Amino acid sequence: MQLDKAKIKQSFAAASLTYDGVAALQRTVGKALLATVDLESLTGTLLDVGCGTGFLSVELSVCERPIIALDIALPMVQLTRKKLLDRPDVSYLCADAEQLPLAGHIADSVFSSLALQWCINLEAVFTDIKRVLKPGGRLVFSIFGPQTLQELKAAWAEVDDYKHVNEFYSEMQLTRFLQQSGYTEIKLETRLYRSSYGSVLELMRELKHIGAHNVMAGRNKNITTKAQMQRMIAAYEPHRSGGLIPATFEVIMVSAS
């Protein structure tokens, strides 16, 4: 997965103030992920990898367990801290999920919602999370799948051969990475979410405001011309239904130990 890590950090730091206003899908997915777990049964320390503005950390705080909230973008960590000021048992780390600055066997459960797709080497990430987990601990995460933004990808393909939309791993690839990292009990479930927008530009603004616009290392570094944008929008239009254009988001829910 060819991703520009500096661009990822910059994008999410810039999106910190606009994220909550447009992150309805992220909240929906976060709630769905937590619904797959018996929160009352959780014990010990919980690690939230890619905490963003703190939605998952806040939801996990009802467990009355110590939480470590970690994100690559400092403004995101700071917003999470503001939301949990009354919780002295929450620790905060600005760090890369691919270089966890944590001792081994420190977390009883690791959670991550729609964050790990921004990691370059997922197998290495899963291995390091395994190191951080206590024996018998569990990794629970959601991640975008390959059908995500398929309409936008197809529309751009009508314009040029550059990667305008990020690529995402499949269930088969995720399973292989997890197995190679030492996980033996693996459960996956794929869900499709469809959002609707008044225009393609509205969709693209939302992606920018949550920091999820293109961060591929091989992206076109030239400025997109007005003519190219108009061609892409025209190619997207056949998907319009009921006055709105759709966008598909494939989400893979995973539990592994």
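Taking into account only those residues within segment 189-228 that are of a type in the set (A, V, I, L, M, F, W, C), loosely packed, with under 15 Cβ neighbours inside 10 Å and farther than 19 Å from ALA23 by Cβ, which is modelled with the highest pLDDT?
ALA227
The set of residues in segment 1-53 being within 26 Å of SER257 (Cβ to Cβ), touching an Asp or Glu at 6+ places or on another chain (Cβ under 8 Å) and part of a helix (DSSP H, G or I) consists of GLY30, LYS31, LEU34.
With respect to (1) touching a Leu at 6+ places or on another chain (Cβ under 8 Å); (2) not β-branched (Val, Ile, Thr); (3) not in a strand (DSSP E or B), the lone exception for ALA69 is condition (3).
Scanning segment 111-122 for residues that are crowded, with 18+ Cβ neighbours inside 10 Å and either in contact with a Ser or Thr (Cβ under 7 Å, 6 or more places away or on another chain) or in a loop (DSSP other than H, G, I, E, B) (or both) yields SER113, LEU114, ALA115, CYS119.
Residues that are at pLDDT below 95 and in contact with a Cys (Cβ under 6 Å, 6 or more places away or on another chain) within segment 32-73 comprise LEU39, LEU42, listed in sequence order.
When segment 152-167 is filtered for residues that are in contact (Cβ under 8 Å) with a residue 24 or more places away in the chain, assigned to a loop (DSSP other than H, G, I, E, B) and either surrounded by fewer than 20 Cβ atoms within 10 Å (Cβ to Cβ) or more than 23 Å from the chain's Cα centre (by Cα) (or both), the ones remaining, listed by number, are GLU158, VAL159, ASP160, TYR162, LYS163, GLU167.
Does ASP108 meet the test of being in contact with a Ser or Thr (Cβ under 6 Å, 6 or more places away or on another chain) and either in contact (Cβ under 8 Å) with a residue 60 or more places away in the chain or surrounded by 19 or more Cβ atoms within 10 Å (Cβ to Cβ) (or both)?
yes
Look through VAL140, VAL125 and report the one residue that is crowded, with 18+ Cβ neighbours inside 10 Å and part of a strand (DSSP E or B).
VAL140
Every condition in (1) at pLDDT 90 or above; (2) within 17 Å of PHE249 (Cβ to Cβ) holds for VAL22 except the one numbered (1).
The values are calculated or read from the model by the stated rules, or taken from the named source; none is laboratory data. Bear in mind the structure is a predicted one, so any value in this text is a computation, not a measurement. As a convention, Cβ positions derive from the backbone with ideal geometry for all residues, glycine included, and neighbour counts pool all protein chains shown.
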